[in-house]
Amino acid sequence: MSSSHMKRLTMPRSWPLPRKSSVWIQKPNPCGHPLDLCMPMGVILRDVLGVAQNRREAKKILHSKLVKVDGAIETDIGRGVGLMDVLTVGDVSYKCVLDTNGKLRYRTIPAKEALTKICRVMGKTTIKGAKTQVHLHDGRNLLFNENPEYKTGDSLVISLPDQEVKSYHKFEEGSIAYLTGGNHIGELATVRGQDIKRSSKANEVQFDDFGTISDYVFIISDESDIPMGDNS
């Protein structure tokens, strides 16, 4: 079996699929998301959304150019669709989120919400010509002529598919956080403080009655940014 597949028994725990229904499952092609925060397009269309009965039908849907990821037509059956990505199949749009069991869910959103996407700032670098490159959680990089005020941990709202920054949310006390890891995965909480470490240890973030590391904190504007649904 080629390296484009892996055994179901070894697939990430975040994938909401049975482990023993068959031996193999497709791996997502390399993309900006880590393996446990994305699933390949073919598996989503067939096993999660149920719009295709088999891989051949999934390919047919893709080749009919009815599928978009973040506003751009997608035809690659192995394309990874991951956390906060906007997937559109025909007239229906979905946002990829993590539920409170840590499972990836593709939940329907209104058409208007499919026009923007929230991305977490992972870092910044200065490149040739004194331009600043802002690195986002989904692997994309945005280029700015001047150094923008965005800091690591802030979130940008970008338009789709043209990637213009519409607004941004600061990682600060009082911000609403969506938790993407740890014991409170999938929950929303209000930031009450930060503990910046001067060592290689991860920075910690305090909430009302618990704390977690800053890597698990995804700042959003309000609760409506995360489509809720049952965890079935």
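Rule-based calculations on the coordinates, nothing more; no lab input. Remember, predicted model here, so these are calculated numbers, not experimental data. Ideal geometry is used to build each Cβ from the backbone, glycine not excepted, and the neighbour counts take in all protein chains shown.
Which of rounded, prolate, oblate describes the chain, given a ≥ b ≥ c as roots of the alpha-carbon gyration tensor eigenvalues and a/c under 1.5 marking rounded, otherwise prolate only if a/b is larger than b/c?
Because a/c hits 1.5 or more and a/b exceeds b/c, the chain counts as prolate.
Evaluate the charge dipole of region 1-144 about its Cα centre and quote only its size in Debye, nearest 20, assuming +1 on the Cβ of each Lys and Arg and -1 on the Cβ of each Asp and Glu.
Charge dipole of region 1-144: 280 debye, to the nearest 20.
Taking Rh as the Kirkwood radius, which is the inverse of the mean 1/r over Cα pairs, what is the Rg/Rh value for region 176-222?
Here the Rg-to-Rh quotient is 0.95.
Among the listed pairs 59/117; 124/166; 60/117; 59/124; 65/131, which are separated by more than 29 Å between their Cα atoms?
Cα-Cα > 29 Å for 59/124; 65/131; rest within.
Between residue 223 and residue 147, what is 0.36 nm times their sequence separation minus the Cα-Cα distance? Round to one decimal in nm.
Value of the extension gain: 24.4 nm.
Stretched out fully, how many nm does the piece from residue 3 to residue 162 gain, at 0.36 nm a residue minus the Cα gap?
53.9 nm
Could you work out [θ]222 nm for the chain from helices alone, using -39500 (n - 2.57) per DSSP H run of at least four and dividing by all its residues? Round to the nearest 500 deg cm²/dmol.
For the chain, the value works out to -1000 deg cm²/dmol.
Over all distinct Cα pairs, what is the inverse of the mean 1/r for region 114-169, reported as the Kirkwood hydrodynamic radius in Å?
Radius from the Kirkwood sum: 11.3 Å.
Please work out the Cα center distance from region 16-32 to region 140-192, rounded to the nearest Å.
Comparing the Cα centres of region 16-32 and region 140-192, I get a distance of 29 Å.
Take the Cβ-Cβ distance between residue 19 and residue 49 as r, set R0 to 25 Å, and report the resulting FRET efficiency rounded to the nearest 0.05.
Computed FRET efficiency for residue 19 and residue 49 comes out at 0.80.
Classify region 62-112 as rounded, prolate or oblate, taking a ≥ b ≥ c as the square roots of the eigenvalues of its Cα gyration tensor: rounded when a/c is under 1.5, otherwise prolate if a/b is larger than b/c and oblate if not.
oblate
Cα-Cα over 29 Å: which of 128/151; 68/103; 95/197?
95/197
Among 137, 184, what is the fewest-to-most ranking by other Cβ atoms within 10 Å?
Going from least to most buried by this count: 184, 137.
Would you mind putting 172-180, 5-13 in packing order, based on average other-beta-carbon counts within 10 Å, highest first?
172-180, 5-13
So if I place +1 on the C-beta of Lys and Arg and -1 on the C-beta of Asp and Glu, and nothing else carries charge, what would the dipole magnitude of region 176-222 be about its Cα centre? I want it in debye, nearest 20.
280
Among the lysines, which have Cα under 17 Å from the Cα of residue 7 when same-chain residues fewer than 8 positions away are ignored?
Of all the lysines, those that pass the test against residue 7 - Cα under 17 Å, at least 8 places apart if same chain - are 20, 27.
Between 119, 96, 31, where does the largest GNM mean-square fluctuation fall for the chain, given springs only between Cα atoms within less than 10 Å?
Highest fluctuation among the options: 31.
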